[in-house]
1. Report the normalised scattering of segment 79-140 as log10 I(q)/I(0) at q = 0.12, 0.23 Å⁻¹, calculated by the Debye formula with identical scatterers on the alpha carbons.
2. How many angstrom lie between the C-alpha centres of segment 73-89 and segment 37-69?
3. Cut-off 10 angstrom, C-alpha nodes, Gaussian network model of the chain. Which of L60, L15, L112 fluctuates the most?
4. If we sort 47-55, 91-99 on the protection proxy, mean other Cβ atoms within 10 Å, highest first, what's the order?
5. For segment 9-130, what is the relative contact order in percent, using Cα pairs closer than 8 Å and at least 6 residues apart in sequence?
6. Can you show me the helix-derived [θ] at 222 nm for the chain, built from DSSP H runs with n ≥ 4 at -39,500 (n - 2.57) apiece and divided by the number of residues, rounded to the nearest 500.
7. Could you work out the mean projected area of the convex hull around the alpha carbons of the chain, in square nanometres to one decimal?
8. Taking 0.36 nm per intervening residue step and subtracting the Cα-Cα distance, what contour gain separates K8 from R129 on full extension?
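All of the numbers you see were taken from the coordinates with simple rules; none came from a lab. Small disclaimer: the values here were computed from a predicted structure and weren't measured. Here Cβ is always computed from backbone atoms with ideal geometry, including for glycine, and neighbour counts include all displayed protein chains.
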Amino acid sequence: MKASKGLKESMVEKLGNRKDSGLLNLIIDVNKEELYIVPHIKEHIEIAAALLKKDKREFLNDSFLGSHLIPSTIEIKNGEIIGVLTGVSGMEMGYGFLHTYEQLEKAHTLSLLFIGNGEIPKNKGFKDRIIYKYTLKKAA
């Protein structure tokens, strides 16, 4: 598995269109500041398990095991990036992954840098969003 520095059209052609046309899914390791593309034939949890050298079932018992691995989805239409969404995938919904607010913010910033360092332009109506639903709640 190889970390990526900037979005290239060849990445989208080879690894994109996962689940829906025009989508490129990422896992961002905020500790290492590295981005990994989730191939269209894999699930986020499989990539997370490979990165941490764990069996995916181990995540069911520990919501914090992969908390530093954040999903992000880039949407592309007509050769332009129309948006990016960070913080939600099957890892959170099905395996209970939780992240800190800071991890989500950092992952989103890294996604935007990945786009900015790439060769695909942003659409004038580009939208970005972070989903905070799976954020660790701080003790009062």
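1. Ignoring solvent entirely, the Cα scatterers give -0.36, -0.95.
2. When both Cα centres are located, 21 Å separates them.
3. Greatest mean-square fluctuation among the candidates belongs to L60.
4. On the way: 47-55: 16.1, 91-99: 20.1.
By packing density, highest mean first, the sequence is 91-99, 47-55.
5. It comes to 26 percent, rounded to a whole number.
6. Details: 4 runs with 38 residues, N = 140.
My calculation for the chain gives -8000 deg cm²/dmol from helical runs alone.
7. 8.4 nm²
8. Fully extending the segment from K8 to R129 adds 41.4 nm.
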